[in-house]
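Everything on this sheet refers to the single structure shown next.
The values are calculated or read from the model by the stated rules, or taken from the named source; none is laboratory data. Predicted, not measured: the structure shown is a model, and the values here were computed from it. Virtual Cβ from ideal backbone geometry, glycine too; neighbours counted across all protein chains shown.
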Amino acid sequence: MPVDHETGYCAQMISAVDALERLREGNRRFVSGESANDVTTSHLQRPDMASGQNPFAIVLACSDSRVPTELIFDQGIGDLFVIRVAGNIVAPSQIGSIEYAATQFGTRLVVVLGHSNCGAVIATLKELAKKDDHRSPNLRAIVDRVRPAVEPVLREHKDSDSEFVIGEAVRANVRASVARLQHGSLIIENLINERELQIAGAEYSIETGVIEFLEDD
């Protein structure tokens, strides 16, 4: 079915499996320095996107400036529907954005992307350790959404070094966000049950540039 240029929707969207592999390949290119996308190519493609969009993957990522989503997946304009928020947390606005992209564009894959040394996760760990008590209500709203994922990590690894705890907490937070998306929306649940949507978790290493999909653990 052709793309509806008013909505950008395309019933022939690639499968979640193919979308995941496309992201893996893009990250491999990024890590090796063999990018297939550059500024000139994106500039030339831009006019073709004016009438609609057809992103092959939705990415819920952290707002950290060291995690430029399209770059680390080596994708260009129109390839990814990116939602960025500190701590890659799941709140109603993020759920609504994913519902929109999945239903309007037929996108089959959602990736929740966390990253090493995530500031939101570290802030939550400090607050739980009573090292950081003064926080604005808006920042506390972020911390409170990270807290349920982090608390079990602290209990289980209370005697471990801080670097190990942070790594475990980052991955736990990603998995918690995946679970919230899987069970926080009737629209998303129905798409998953009908095998029209898949949600995966991943972690980006700021140090190496490598993205590890948590299903590979």
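Please verify whether Ala61 is in contact with a Lys or Arg (Cβ under 7 Å, 6 or more places away or on another chain) and farther than 20 Å from Glu163 by Cβ, treating the condition exactly as stated. Please lay out each step first, then the result.
Details: in contact with a Lys or Arg (Cβ under 7 Å, 6 or more places away or on another chain): yes; farther than 20 Å from Glu163 by Cβ: yes.
Considered against the rule, which asks whether it is in contact with a Lys or Arg (Cβ under 7 Å, 6 or more places away or on another chain) and farther than 20 Å from Glu163 by Cβ, Ala61 comes out as yes.
Exactly one condition in (1) surrounded by fewer than 15 Cβ atoms within 10 Å (Cβ to Cβ); (2) under 18 Å from Ser63 (Cα atoms) is not met by Gly114; state its number.
Answer for Gly114: the failing condition is (1).
Can you tell me which condition Ser63 does not meet? The list is (1) touching an Asp or Glu at 6+ places or on another chain (Cβ under 8 Å); (2) surrounded by fewer than 16 Cβ atoms within 10 Å (Cβ to Cβ), and all the others hold.
Going through the list (1) touching an Asp or Glu at 6+ places or on another chain (Cβ under 8 Å); (2) surrounded by fewer than 16 Cβ atoms within 10 Å (Cβ to Cβ), Ser63 breaks only (1).
Could you check the range 67-83 and list, in sequence order, the residues that are free of Cβ contacts under 8 Å to residues at least 40 places away in the same chain and crowded, with 16+ Cβ neighbours inside 10 Å?
Passing the criteria: Glu70, Gly76, Ile77, Gly78, Asp79, Leu80, Phe81, Val82, Ile83.
So Glu21 ticks every box in (1) modelled with pLDDT of 95 or more; (2) in a loop (DSSP other than H, G, I, E, B); (3) exposed (fewer than 13 other Cβ atoms within 10 Å of the Cβ) but one. Which box is left unticked?
If we test Glu21 against (1) modelled with pLDDT of 95 or more; (2) in a loop (DSSP other than H, G, I, E, B); (3) exposed (fewer than 13 other Cβ atoms within 10 Å of the Cβ), just (2) comes out false.
Look at Ala200 and say whether it is among the aliphatic types (A, V, I, L, M), touching a Phe, Trp or Tyr at 6+ places or on another chain (Cβ under 8 Å) and surrounded by 14 or more Cβ atoms within 10 Å (Cβ to Cβ).
yes
If you take the residues of the range 137-153 that are touching a helix residue (DSSP H, G or I) at 6+ places or on another chain (Cβ under 6 Å) and of a type outside the set (Val, Ile, Thr), which of them is surrounded by the fewest Cβ atoms within 10 Å (Cβ to Cβ)?
Arg147
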